[in-house]
Each structure stands twice: as structure tokens, then as C-alpha cells.
1. If VAL57 meets every condition in (1) closer than 20 Å to VAL9 by Cα; (2) more than 14 Å from the chain's Cα centre (by Cα); (3) open to solvent by less than 40 Å² (accessible area, probe 1.4 Å) apart from one, which number is that one?
2. Mind checking which pairs have a first residue in segment 81-102 that is open to solvent by less than 20 Å² (accessible area, probe 1.4 Å) and a second that is assigned to a helix (DSSP H, G or I) and among the polar types (S, T, N, Q), Cβ under 9 Å, 6 or more apart or different chains?
3. When you scan segment 115-123, do you find a residue that is touching a Leu at 6+ places or on another chain (Cβ under 8 Å) and either farther than 25 Å from LEU12 by Cβ or free of Cβ contacts under 8 Å to residues at least 40 places away in the same chain (or both), even just one?
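The values are calculated or read from the model by the stated rules, or taken from the named source; none is laboratory data. All of these numbers come straight from a predicted model, not from anything done at the bench. Neighbour counts run over all protein chains shown; Cβ positions are idealised from the backbone, glycine included. Note: areas computed on protein heavy atoms with side chains; ligands, DNA, RNA excluded. Shrake-Rupley method; radii C 1.70, N 1.55, O 1.52, S 1.80 Å.
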Amino acid sequence: MNNYIRYIVMLLVVGVASYFAHTLVLNGIETNHFWEQTDYTLLGMYSFGVGISLFVVVLTLLTQYAMPKNLGFMFLALMTINAIASYIYIKNGLNKFENDFIEYNFLVVFFLFLIFDVFVAFKALNQENNAQ
């Protein structure tokens with residue numbers, strides 16, 4: 001249970017810190033006015049990212065506990081679900097702007113949480129190998 005709480009708190013810290021850093025960058029390059037022309041918000045993108053990453057982290061840790069030999073396969077399946085859900089979330093915002101504003105912001109969020117998910121899976125696989 002300790003790993004669950006630790007990774008969830010780490011996910012929230014990464015999400016909040018990244019959101020504020022991303023907001024500061026967008027303010028610095030003065031591109032916030034593009035958000036008014038779309039149905040998406042940066043907060044919505046980060047909320048989606050935290051939600052899907054929370055799903056991946058919890059299922060990865062549950063798989064590590066229940067069936068550690070299948071952890072790699074389960075992680076690949078979760079990444080596939082993550083990619084499909086992300087596409088479904090962002091598909092209406094694609095090609096809205098000539099400068100790909102939505103696409104670039106979403107890719108930053110997507111890869112940030114993808115790296116976090118890979119980190120958690122790496123730690124879970126490494127713990128499994130150390131336990132044997």
C-alpha cells in the first residue's frame with residue numbers, strides 16, 4: 001500500500017508543478033489567447049493526463065502484486081489504452097490552428113505523463129527482479 005500512496009502523491013506533485021510551469025511558459029510567449037478559440041483548456045489537458053496516468057499507475061501496481069510475471073505485457077496493454085483514450089480526447093482539436101497550438105500543448109502533457117508511467121513501470125519491474 002505504501003507504493004500506491006507514494007506514486008499517487010508523486011503523480012499529483014508532478015502534475016501540479018508541470019501545469020504551473022507550462023502556464024508560465026505560455027504566458028511568457030504570450031500565446032494564451034489561443035485557448036479562447038477552442039473548447040480545450042490547459043487545466044483540462046492536465047486533468048485528463050493525471051486521470052489516465054492514475055489509471056495506469058494503479059493497474060500497474062495491482063498487476064505487480066497479483067501477477068508479476070505478466071507485468072510487462074500488462075504495461076504494454078495499458079499504454080495502448082492510454083494512446084487510444086488520448087486520441088479520442090484530442091481528436092476534435094486536431095488541425096484547428098495553423099500553428100498546431102493544441103497539438104503541441106497536448107503532446108507536452110501526453111509525453112510528460114507517459115514518462116511518469118514508464119518510470120513507475122520500470123520501478124515495479126525492478127522491484128520484481130530484486131525480489132527473486
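1. All conditions are met except number (2).
2. Listed by first residue and then by second, the contacts come to ASN82/SER53; PHE101/GLN37.
3. The answer is no, given that none of the residues of segment 115-123 is touching a Leu at 6+ places or on another chain (Cβ under 8 Å) and either farther than 25 Å from LEU12 by Cβ or free of Cβ contacts under 8 Å to residues at least 40 places away in the same chain (or both).
Residue-by-condition table, conditions (1) farther than 17 Å from PHE110 by Cβ; (2) in contact with a Leu (Cβ under 8 Å, 6 or more places away or on another chain); (3) not in a helix (DSSP H, G or I):
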site: ARG6; (1), (2), (3): yes, no, no
site: VAL14; (1), (2), (3): no, yes, no
site: GLU36; (1), (2), (3): yes, no, no
site: LEU43; (1), (2), (3): no, no, no
site: GLY49; (1), (2), (3): no, yes, no
site: ASN82; (1), (2), (3): no, yes, no
